[in-house]
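Read through the structure below, which is laid out as structure tokens, and then see the notes.
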Amino acid sequence: MEKKGARRDRVLEVLEEQGGLVPGASARVSEQTGVPEADVYGVATFYTLLRTPGVARVCQGLSCKIEGSDALAQRLRDEGVPFEEVSCLAQCDRAPVSIDPHMELDHVARRGQVSPADRALPMNLGGEDDASYSALARAKELGPSRLLEELKASGLQGRGGAGFPAHIKWSAVRAEADPTHYVVVNADEGEPGTFKDREVMLRRPHLLIEGLAIAAWYAGAEKAYVYLRGEFPGPKRALEHALAEARPHLEGLEVHLVMGHGAYICGEETALIEAIEGRRGMPRLKPPYPTQKGLWQKPTLMNNVETLACVPDIVLRGGQRFHDAGRTEPGSKLYCVSGHVENPGVYELPLGVCLDELVAAAGGYIGSPRAFSPGGASSGFLPMSFRDTPLDFSALQEAGSMLGSAGVVVLNDSVDLLEAARWQQIFFEDESCGQCAPCRIGCRLQRRALDRFLETRDPVHLEHVEELHWEMDAGSICGLGMVASLPLLSAMQHFPEDLDKK
Ligand SMILES: Cc1cc2nc3c(=O)[nH]c(=O)nc-3n(C[C@H](O)[C@H](O)[C@H](O)COP(=O)(O)O)c2cc1C
Ligand code: SF4
């Protein structure tokens, strides 16, 4: 039983202070927090960074794989460096990468690019950060209803993956009768192929803090939480520095930076809430939605880093102007591009550009392009016949894929698509939280089916892939289980010639 007054919310923090799940740590954490030891142990084993503390980490994301993460791992093995292979480190523009036990970048192939400085761009990633907080002052002058009108006119869709209209979420939280409201920033950035939020926090931290302050003021929140992935010490330092500078403008708003501990699923909004509350990051059933019952069961406005960073521009220059910056859908977009392109990086472009335009901004293709993954592992693979499809939320959905968090990975003809699908299947199998049987078992069965096929080339092993996908899609609580089969299904659909290889 949890003791009265137990500090469950401190479990992960105290575990981290103990150096992770080292001998005796769970008992000490239990003593300090009042949470039963078995429970502490169960929480700790969920998170890679706590379960295996004090080792280097080698990224196994798609971009790192195609750029040689296996060779990097072998080098570390030969050097006798203790390391663990992990799903993704959000450094795809520098692939292949590893980090040291303190989460600092260790082996990096190159430095990623960002879009050029351009003050006309809402995000202007390459430009100077602005600490004047004039947008916050302007938002207060406008008042809540006109602010909401501007947000609505902007057409801003959430940049965390689902593209949900921001104004609907904002007004839903404000309308909740409970007097305590929270704002949470999703800075977990775990989708392989995605590293844009990292650059916003490093280069334009005030843009995020100002967007957050406007959201908190609008939602009536006195406390805000920024949940950063544990492998982001650099962005954390940038935010700490900017928060100290921003203090005079924040009028008592408490902003807490919470570090994650290495679990992709904690990017899912309800899993993220569970993690802040000190539990295993297992998604909750919805409804109720976080806007109704979120953090500590209070109405919670959760937005992605990029979504909030769009808000100051919308307030200062008007929603319509932001809207018109898009091509097929509203606004500019931070596209991440990596894989077989000359200059991997983050490029701010009108929402709806096509692959060729994005890759032109990134210096062109390397080799002969064959496929691309438009929105991280969850989006599967598309062949180059989709190179003119707008990279937006609706066109990619129609194409059977998704924009997600716009982590575009380009693959040239040196990559076997079934092998690439296998890497993605392993990612989903490793990162499933395991609470829904269709996802937990389905991810393993899909990966095994592909393994057997690759060993034998007998198509009988792939016969049940579609049916299993149906079960996983229909029977999973969260998006992970619903999309986990897409890499394999899309490879089978669009690249049948790879099935016939001997
Ligand atoms: C498996 C899974 C992982 C997710 N990972 C992230 C993430 O790393 N960052 C993020 O902002 N949203 C992520 N999301 C989406 C969030 O659940 C949520 O929709 C988002 O934070 C809402 O913010 P937005 O409306 O500004 O997009 C993930 C969703 C799922 C299903
Ligand atoms: S679908 Fe998978 S990741 Fe999502 S809650 Fe269920 S088991 Fe966990």
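The values are calculated or read from the model by the stated rules, or taken from the named source; none is laboratory data. What you see is a predicted model; the values in this text were computed from it and never measured. So basically every Cβ, Gly included, is an ideal-geometry build from the backbone, and we count neighbours across all protein chains shown.
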ALA162 is checked against (1) surrounded by fewer than 24 Cβ atoms within 10 Å (Cβ to Cβ); (2) in a helix (DSSP H, G or I) and fails just one. What number does that condition carry? (2)
Number of the condition not met by PRO390 [criteria: (1) touching a strand residue (DSSP E or B) at 6+ places or on another chain (Cβ under 9 Å); (2) on the phi < 0 side of the Ramachandran plot]: (1)
Of all residues in region 13-65 being over 30 Å from PRO344 (Cα atoms) and of a type in the set (D, E, K, R), the one that is farthest from the chain's Cα centre (by Cα): GLU31
Of all residues being hydrophobic (A, V, I, L, M, F, W, C) and assigned to a strand (DSSP E or B) in region 255-306, which is farthest from ligand 2 (Cβ to nearest atom)? Just the residue, please. VAL255
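From the list SER414, SER405, exactly one residue is hydroxyl-bearing (Ser, Thr, Tyr) and within 16 Å of ligand 1 (Cβ to nearest atom). Which is it? Step through it out loud before you land on a result.
Details: SER414 fails: within 16 Å of ligand 1 (Cβ to nearest atom).
Residue meeting the stated conditions: SER405.
Among the candidates ASP130, ASP106, single out the residue that is in contact (Cβ under 8 Å) with a residue 40 or more places away in the chain and in a strand (DSSP E or B).
Working: ASP130 fails: in a strand (DSSP E or B).
Step by step, each of ASP130, ASP106 is checked, and only ASP106 is in contact (Cβ under 8 Å) with a residue 40 or more places away in the chain and in a strand (DSSP E or B).
Would you say ARG440 is within 16 Å of ligand 1 (Cβ to nearest atom), outside the structural domain of PRO287 (by TED's automatic domain parsing), more than 18 Å from the chain's Cα centre (by Cα) and surrounded by fewer than 24 Cβ atoms within 10 Å (Cβ to Cβ)? It would help to see each step written out before you state the result.
Numbers: within 16 Å of ligand 1 (Cβ to nearest atom): yes; outside the structural domain of PRO287 (by TED's automatic domain parsing): yes; more than 18 Å from the chain's Cα centre (by Cα): yes; surrounded by fewer than 24 Cβ atoms within 10 Å (Cβ to Cβ): yes.
Against the criterion (within 16 Å of ligand 1 (Cβ to nearest atom), outside the structural domain of PRO287 (by TED's automatic domain parsing), more than 18 Å from the chain's Cα centre (by Cα) and surrounded by fewer than 24 Cβ atoms within 10 Å (Cβ to Cβ)), ARG440 qualifies.
Conditions (1) over 22 Å from VAL226 (Cβ atoms); (2) more than 16 Å from ligand 2 (Cβ to nearest atom); (3) not hydroxyl-bearing (Ser, Thr, Tyr), marked per residue:
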{"position": "GLY127", "(1), (2), (3)": "yes, yes, yes"}
{"position": "LEU142", "(1), (2), (3)": "yes, yes, yes"}
{"position": "TYR182", "(1), (2), (3)": "no, yes, no"}
{"position": "LYS196", "(1), (2), (3)": "no, yes, yes"}
{"position": "ARG204", "(1), (2), (3)": "no, yes, yes"}
{"position": "LEU208", "(1), (2), (3)": "no, yes, yes"}
Residue identified as within 16 Å of LEU202 (Cβ to Cβ), of a type outside the set (Phe, Trp, Tyr) and away from ligand 1 (no atom under 16 Å from the Cβ) among LEU308, LEU243, LEU253, LEU239: LEU243
Those residues of region 473-490 which are more than 8 Å from ligand 2 (Cβ to nearest atom) and in a helix (DSSP H, G or I) amount to ASP473, ALA474, GLY475, VAL483, LEU486, PRO487, LEU488, LEU489, SER490
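For (1) within 25 Å of GLU231 (Cβ to Cβ); (2) crowded, with 17+ Cβ neighbours inside 10 Å, each residue gets a yes or a no:
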{"residue": "MET1", "(1), (2)": "no, no"}
{"residue": "ASP9", "(1), (2)": "yes, no"}
{"residue": "LEU12", "(1), (2)": "yes, yes"}
{"residue": "GLY19", "(1), (2)": "yes, no"}
{"residue": "GLY24", "(1), (2)": "no, no"}
Taking VAL35 as the residue in question, decide whether it is assigned to a loop (DSSP other than H, G, I, E, B), β-branched (Val, Ile, Thr), at pLDDT 95 or above and touching a helix residue (DSSP H, G or I) at 6+ places or on another chain (Cβ under 6 Å). yes
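Part of a helix (DSSP H, G or I) and touching a residue at least 60 places away in the same chain (Cβ under 8 Å): does that describe TRP470? Show your work before the answer.
Values: part of a helix (DSSP H, G or I): yes; touching a residue at least 60 places away in the same chain (Cβ under 8 Å): no.
For TRP470, the condition - part of a helix (DSSP H, G or I) and touching a residue at least 60 places away in the same chain (Cβ under 8 Å) - is not met.
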When region 473-487 is checked residue by residue, the ones that are away from ligand 1 (no atom under 13 Å from the Cβ) and either of a type in the set (A, V, I, L, M) or on the phi > 0 side of the Ramachandran plot (or both) are ALA474
